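As structure tokens, the structure follows; a few thoughts come after it.
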Amino acid sequence: MRRFVLLLTTALLCASGVVGPAAADVATVGPPGVYLVGNRGNIFTTRIQVQLRLDPGEVNIPNAQGPEDLSWDLEVQSVGMRAPAPPSWTTPITNTTVRYHTLAIGSGRILCARARQHSWGVTSGWSKVMCVERARDDQSLRRTGPVHIVADWRYPDGHASVLLPTTRIRVSQIPAGAWYGPVYTDRGIRPDGTVCTHPTWHIVGHREPNRAYGFINNGITLMMHRTRAPGTAILRSPFGHTCPAGSSSCRRGCRANPHEDLPMTQHNECPLE
């Protein structure tokens, strides 16, 4: 009877998650924090470089001896914003002890990064994927009709395009499910009380959606519709001269939660789909 009670007690302890001292001594290293930041918030940039910061992950090394020998491996993905699928990861930096890095990002590209940590000879898993987009510069887009080129320091080339009522800007190969739209400068109310208008946009052969999502950051506005069908997007100005448009954005959707399908989350934890 005593043996039965002992066996029953052991079974209950295992079922309740109580572990022996050997399991508690397992060395673990958590993934580092990765923060990829553009000059327009966590998900978007209008510059040719972005900043990346690495924060040490949580470390549990029982009876650790000697220095930690902390370092990180960094992997990145760089893909055109209209690409149907992301490329393979590349590893430009290994065993770095530097927390801050500057990464180049081209026009119309999405840059994603992840990292893992080495501490006392133990390697963590990969961190969450963080992504930043740089929209495609307006000068590289196909257009018909006149535009006014104006100086605008907010964009990498120092210029932006004011669309006229007869102007059409075309962005081809928008994939199904993508969020797409213009990036423009909101110059507010002019001295004469007038304001510039925002461009409208839609996929050829489909009606313009009746709502858009976006954000404003220091005078730059990014607005997006989601398209259910692939095709060519048309940007135009049905209400007169537009605000200066410096670029055009397109990215595959990120799911903020199972009940919400938005082009961005509060942070940029958005791997390419």
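The values are calculated or read from the model by the stated rules, or taken from the named source; none is laboratory data. None of the values given here were measured: they were computed from a predicted structure. FYI the Cβ positions are ideal-geometry reconstructions off the backbone, even for glycines, and counts take in every protein chain you see.
Quick one: in region 26-42, of everything that is at pLDDT 85 or above and of a type in the set (A, V, I, L, M), which residue is nearest to residue 222 (Cα to Cα)?
Ranking the qualifying residues of region 26-42, first place goes to 36.
Look through region 33-74, keep the residues that are of a type in the set (Val, Ile, Thr) and over 19 Å from the mean Cα position of the chain (by Cα), and return whichever of them is nearest to residue 118 (Cα to Cα).
The initial filter retains those residues of region 33-74 that are of a type in the set (Val, Ile, Thr), namely 34, 37, 43, 45-46, 48, 50, 59, 61.
Next, only the ones that are over 19 Å from the mean Cα position of the chain (by Cα) stay: 59, 61.
On the way: 59: 10, 61: 12 Å.
Per the criteria, the residue is 59.
Can you name the residue in region 95-108 that is surrounded by 12 or more Cβ atoms within 10 Å (Cβ to Cβ) and of a type in the set (Ser, Thr, Tyr) and, of all such residues, is farthest from residue 139 (Cα to Cα)?
My answer is 96.
Condition check ((1) surrounded by 15 or more Cβ atoms within 10 Å (Cβ to Cβ); (2) modelled with pLDDT of 85 or more; (3) touching a Leu at 6+ places or on another chain (Cβ under 8 Å); (4) of a type in the set (Lys, Arg)) across all residues:
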{"site": "188", "(1), (2), (3), (4)": "no, no, no, no"}
{"site": "203", "(1), (2), (3), (4)": "yes, yes, no, no"}
{"site": "225", "(1), (2), (3), (4)": "yes, no, no, no"}
{"site": "241", "(1), (2), (3), (4)": "yes, yes, yes, no"}
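Can you tell me which residue among 64, 85 is within 29 Å of residue 139 (Cβ to Cβ) and among the aliphatic types (A, V, I, L, M)?
Working: 64 fails: within 29 Å of residue 139 (Cβ to Cβ).
Exactly one residue qualifies, and that residue is 85.
Kindly establish whether residue 159 is over 14 Å from residue 140 (Cα atoms), assigned by TED's automatic domain parsing to the domain that holds residue 247 and of a type outside the set (Lys, Arg). Write out each step before concluding.
Working: over 14 Å from residue 140 (Cα atoms): no; assigned by TED's automatic domain parsing to the domain that holds residue 247: yes; of a type outside the set (Lys, Arg): yes.
So residue 159 fails the test.
Select, from 135, 229, 176, the only residue that is touching a Pro at 6+ places or on another chain (Cβ under 6 Å) and either over 30 Å from residue 26 (Cα atoms) or at pLDDT below 90 (or both).
Unique residue meeting the criteria: 176.
Any residue in region 43-63 that is farther than 16 Å from residue 220 by Cβ sitting within a Cβ distance under 6 Å of a residue that is of a type in the set (Asp, Glu) and surrounded by fewer than 16 Cβ atoms within 10 Å (Cβ to Cβ)? List the pairs, counting only those 6 or more apart or interchain.
62/25
From 107, 88, 78, grab the single residue that is part of a loop (DSSP other than H, G, I, E, B) and in contact with a Pro (Cβ under 8 Å, 6 or more places away or on another chain). Break it down stepwise before answering.
Values: 88 fails: in contact with a Pro (Cβ under 8 Å, 6 or more places away or on another chain); 78 fails: part of a loop (DSSP other than H, G, I, E, B).
Step by step, each of 107, 88, 78 is checked, and only 107 is part of a loop (DSSP other than H, G, I, E, B) and in contact with a Pro (Cβ under 8 Å, 6 or more places away or on another chain).
May I ask you to verify whether residue 179 is loosely packed, with under 14 Cβ neighbours inside 10 Å and not polar (S, T, N, Q)?
No; evaluated as a whole, the condition is false for this residue.
For region 160-212, enumerate the residues that are farther than 18 Å from residue 238 by Cα, in a loop (DSSP other than H, G, I, E, B) and under 21 Å from the mean Cα position of the chain (by Cα).
Result: 175, 176, 177.
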